[in-house]
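One structure is given below, encoded as structure tokens.
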Amino acid sequence: MQRSIPAKIRRASGRPAVSFIPQTDLALRDPSLPTPTLDRTARDRIGRELRAMYVDLARQPIPQRLLDLLGKLEETKG
Amino acid sequence: MKPAFNMREALLGAVPSLRAFGISLTGDVDRADDLVQDTLLRALANVDRFEPGTNLNAWLFTILRNLFHSEYRKRRREVEDADGSYAATLRTAPDQHAHLDFEDLRTALARLPQDQREAVLLVGAQGFSYEDAANICGCAVGTIKSRVNRARKRLAELMHLVDADDLGTDGLTAAALQFYAGESGAGATI
């Protein structure tokens, strides 16, 4: 999967930035291939963990005091 | 006649993600619930300022974030070591079994500078576009991108997902991350 490397990166590094070329779809990669770029793997992992933590937190029941607060709104509006 | 826009239901629908943001931001469930409660009260008090059809979540997150920051400034006068106090609250988080899996992440988040923490939460966890996150934080889109990139890099280091040496020079890393940010577009996966 050859892709052109942005000039910006080539200039900044002084060496080929091959390891920073994004993988198109990690899930479809042959596991026997060399590990994809460390950065990409780390990025994906952090992204997954952040979202998983968030989903886990958002799934927790809403405390009664917040429900009561919103319940009052319903009453006042009629 | 049913109103076209039910504010109560809209607020109720926003509460879970407001709580998730508040808890991730403060590391403290009770404090987060106080923030969410104050956010709802303030939203209700200013409800005529909200235009139905615009992004309610972004509006609510802006309120919560502003409340957090004004509270933080107040607390800062009382507690010298803000990061230390944040880290300490991690131990007292209720519903512990639910958080054990994310202990590394939570500890790493606690060690991020506050501006980076909120940026990576808004974009990476909540899924706001860079533009929305910039509006919420009251800063430029480029600033948000840079904060998210730095947060991501720091989280990877703190969670030992990456050897700091492997990242190469800062210039290379910054350029590469910027490349990603540009390519992945607004609100894309972190």
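The values are calculated or read from the model by the stated rules, or taken from the named source; none is laboratory data. It should be emphasised that the depicted structure is a prediction, and the values quoted were computed from it without experimental measurement. Ideal geometry is used to build each Cβ from the backbone, glycine not excepted, and the neighbour counts take in all protein chains shown. To get the accessible areas, we keep the full protein, side chains included, count just its heavy atoms, and leave off ligands, DNA and RNA. Shrake-Rupley method; radii C 1.70, N 1.55, O 1.52, S 1.80 Å.
Of everything in segment B:29-60 that's crowded, with 22+ Cβ neighbours inside 10 Å and touching a Lys or Arg at 6+ places or on another chain (Cβ under 7 Å), which residue is farthest from B:P113 (Cα to Cα)?
Out of the qualifying residues, it is B:V36.
For every residue, the table says whether it meets (1) modelled with pLDDT under 85; (2) basic (K, R).
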residue	(1), (2)
B:P3	yes, no
B:G13	no, no
B:L25	no, no
B:R31	no, yes
B:L41	no, no
B:R49	no, yes
B:E71	yes, no
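Considering (1) of a type outside the set (A, V, I, L, M, F, W, C); (2) over 19 Å from B:A14 (Cβ atoms); (3) out of contact with any Asp or Glu (no Cβ under 9 Å at 6 or more places or on another chain), say which one B:G127 fails and leave the rest.
(2)
Pick from segment B:3-28 the residues that are in contact (Cβ under 8 Å) with a residue 40 or more places away in the chain and open to solvent by 10 Å² or more (accessible area, probe 1.4 Å): which of them is nearest to B:V123 (Cα to Cα)? Explain how you work it out, then say what you get.
Restricting attention to segment B:3-28, the residues satisfying the condition of being in contact (Cβ under 8 Å) with a residue 40 or more places away in the chain are B:4-5, B:7, B:10-11, B:14, B:17-18, B:20-28.
Filter once more, keeping what is open to solvent by 10 Å² or more (accessible area, probe 1.4 Å): B:4-5, B:7, B:10, B:17, B:28.
Working: B:A4: 30, B:F5: 27, B:M7: 25, B:A10: 21, B:S17: 13, B:D28: 21 Å.
The extreme case among them is B:S17.
What number of residues within segment A:18-76 satisfy the criterion of being at pLDDT below 55 and part of a helix (DSSP H, G or I)?
Going through segment A:18-76 one residue at a time, the tally reaches 7.
Only residues that are open to solvent by less than 30 Å² (accessible area, probe 1.4 Å) and charged (D, E, K, R): list them for segment B:108-162, please.
B:R117, B:E118, B:R152 - these are the residues of segment B:108-162 that are open to solvent by less than 30 Å² (accessible area, probe 1.4 Å) and charged (D, E, K, R).
Show the residue pairs that are 6+ apart or on different chains and have beta-carbon atoms under 6 Å apart, the first residue being within segment B:33-58 and within 14 Å of A:L66 (Cβ to Cβ), the second being in a loop (DSSP other than H, G, I, E, B).
Close Cβ pairs satisfying both conditions: B:D33/A:P63.
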